[in-house]
Amino acid sequence: MRKITFGGGNSLDNYLARPDHAVDWLLWGKEAAAVTANFWTTIDTVLMGRKTYEVAARSGQKGGYPGVRNYVFSRTITSAPDGVTIVESDAVEFIRGLKKSAGKDICLMGGGELARPLFEAGLIDEIGFNIHPVLLGSGVPLFHPMTRQINLELKECRPFTNGCVYLTYRVKNEN
Amino acid sequence: MRRIVYSVASSLDGFIAGPNGEYDWIPHDPDIDFAALGARFDTLLMGRKTYQPMAGASGGGPFDEMKVVVASRTLRQDEHPRITIIPELTAQHCRDLKAGPGKDIWLFGGGDLFRSLLELGEVDEVRIAIVPVLLGGGVPLLGPLAQRAKLTLKSHRLYPKSGIVSLDYGVKA
């Protein structure tokens, strides 16, 4: 079964972007780049919601992420370039099917709105976040309200020299 | 100079208590020495909502030796003789507290008081023990801020038995 990892960079108070979607506060660095590059070799598919896709498209990434299949979940986008597939149907059912199909692992990009039903359905296997040394105070939240508690198991804790801390967890879906 | 330290346990999704104020999601990790962690403080500073559930407690914990200061406009000092109530916690109050003799001050919570003091620039250190759980709802770590606060990571510690990761940050002026 293919594994889905929900990942990204966040502030200590759990925002993945400022209210205007700005991510200027993200610190890029060699260590984070190495972790990302390594992670990228394990996946062949990226999932994202409409808003994440639109932000990426505005910053020049119109064709989705290169070298991987991109699925964007939206009922309103009508066309997309090669390499990006728009999925109108129910995300949970589609992704359940995707996990059973052949392929490498899957990366769930932001944001929280797409992640929430997937967490509730027990479809997310791992969480990987690069926690930044900043409190934004407001912004686009990473995690949305859910109906139940979800237990996690810490896999790795790696601090970077720029003050970020990279944490990965396995999601305990076997309640 | 005494320091004000916000030290709390938080879920990965940023809650310091469950929707009904529960703490049962925080595992008991035998490697975490609460006595040692508390030894640097002699004063607990908290908001009313954090204090009220504790108000009736009979004691016997590591907090018995500590002075308790509660920021509240509604609690009456004569009804709570064992604590000090400050109706309006200003930057000056914080500086006076810090200038006095004593050990460091533990900002016990909650998120609203943390936000107020952070906006006043009076929080010196933030220590978060991240518990490996997503609560889905509850009391937030921090209320909305007018302006972002930059932090400096000072240390981190991993507790393998529970998977708790403790991150220690200084607050940049």
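Every number in this text was worked out from the coordinates using simple rules, so none of it is lab data. In this text, all values refer to a predicted model and were calculated from it rather than measured experimentally. A quick note on method: Cβ atoms are made from the backbone with ideal geometry, for glycine too, and the neighbour counts reach across all protein chains shown.
Taking the number of other C-beta atoms within 10 Å as the exposure measure, put A:48, A:146 in order starting with the fewest.
Fewest to most other Cβ atoms nearby, the residues stand as A:146, A:48.
Alpha carbon centre of region B:59-131 versus region A:109-175: separation in Å?
Each part reduced to its Cα centre gives a spacing of 30 Å.
Return B:66, A:1 ranked ascending by Cβ neighbour count within 10 Å, so the fewest neighbours appear first.
On the way: B:66 17, A:1 8.
The fewest-first ordering by Cβ neighbours comes to A:1, B:66.
Let me have the 222 nm mean residue ellipticity of the protein assembly as shown computed from DSSP H runs of 4+ only, each contributing -39500 (n - 2.57), with the sum over all residues rounded to the nearest 500.
About -5500 deg cm²/dmol.
Between residue A:22 and residue B:95, what FRET efficiency comes out of the Förster formula 1/(1 + (r/R0)^6) with R0 = 45 Å and r the beta carbon distance, rounded to 0.05?
About 0.85, to the nearest 0.05.
Distance from the Cα centre of region B:132-173 to that of region A:1-48, in angstrom?
18 Å
Under a Cβ-Cβ cut-off of 9 Å, what is the net charge of the residues other than residue A:144 that fall near it, where Lys and Arg count +1 and Asp and Glu count -1?
Result for the neighbourhood of residue A:144: -1.
With no solvent and one point on each alpha carbon, what is the Debye value of log10 I(q)/I(0) for the protein assembly as shown at q = 0.10 Å⁻¹?
Here the Debye-derived log intensity ratios amount to -0.65.
Taking chain A as a Gaussian network, Cα atoms linked when under 10 Å apart, which of A:72, A:165, A:55 shows the biggest mean-square fluctuation?
A:55
Let me know the shape class of region A:136-175, please: from the alpha-carbon gyration tensor, a ≥ b ≥ c as square roots of the eigenvalues, rounded when a/c is under 1.5, otherwise prolate if a/b is greater than b/c, or oblate.
Judged from the Cα gyration tensor, region A:136-175 comes out oblate (a/c at least 1.5, b/c at or above a/b).
Past 26 Å, Cα to Cα: identify those pairs from A:172/B:150; A:30/A:172; B:49/B:172; B:98/B:154, in the order given.
As for pairs spanning more than 26 Å Cα to Cα, those are A:172/B:150; A:30/A:172; B:49/B:172.
Given the options B:142, B:44, B:134, which has the most mean-square fluctuation in a GNM of chain B, springs set between C-alpha atoms less than 10 angstrom apart?
Highest fluctuation among the options: B:134.
What list of ³J(HN,Hα) values in whole Hz, one per residue of region B:45-53 in order, does the Karplus curve 6.51 cos²θ - 1.76 cosθ + 1.60 (θ = phi - 60°) give from phi, with Gly and Pro shown as x?
Working through the residues one at a time gives 10, 8, x, 4, 5, 6, 5, 3, x Hz.
Counting Lys +1, Arg +1, Asp -1, Glu -1, what net charge surrounds residue A:92 among other residues with beta carbon under 14 Å of its beta carbon?
Details: positive: A:96, A:99, A:100, A:116; negative: A:88, A:90, A:93, A:113, A:120.
Net local charge, residue A:92 excluded: -1.
Find how much the distance from residue A:158 to residue A:68 grows on full extension, using 0.36 nm per residue of separation minus their present alpha carbon separation; answer in nm with one decimal. Don't skip to the answer; put the middle values down first.
Values: separation 90, 0.36 × 90 = 32.40 nm, distance 2.65 nm.
So the extension gain works out to 29.8 nm.
Which of B:111, B:18, B:136 ends up with the largest GNM mean-square fluctuation for chain B, with Cα atoms connected below 10 Å?
Maximum among the listed residues: B:136.
Where a ≥ b ≥ c are the square roots of the eigenvalues of the C-alpha gyration tensor, would you call region B:4-171 rounded, which needs a/c under 1.5, or, failing that, prolate if a/b is larger than b/c, or oblate?
Because its axes are fairly even, with a/c under 1.5, region B:4-171 counts as rounded.
Across the residues of A:160-173, average count of Cβ atoms on other protein chains within 10 Å?
Working: counts 1, 1, 1, 7, 1, 6, 0, 8, 0, 7, 2, 2, 2, 0.
Mean number of neighbouring Cβ atoms from other chains: 3.
Tally Lys/Arg at +1 and Asp/Glu at -1 over every other residue whose Cβ is under 11 Å from the Cβ of residue A:24; what's the total?
Net charge around residue A:24: +1.
For region A:9-171, what class follows from the C-alpha gyration tensor (a ≥ b ≥ c being the square roots of its eigenvalues): rounded when a/c is under 1.5, otherwise prolate if a/b is larger than b/c, else oblate? Could you put the intermediate results ahead of the total?
Working: a/c = 1.38, a/b = 1.26, b/c = 1.10.
Rounded shape, in that the Cα axes give a/c under 1.5.
Got a sec? How would B:168, B:64 order by Cβ neighbour count within 10 Å, fewest to most?
The fewest-first ordering by Cβ neighbours comes to B:64, B:168.
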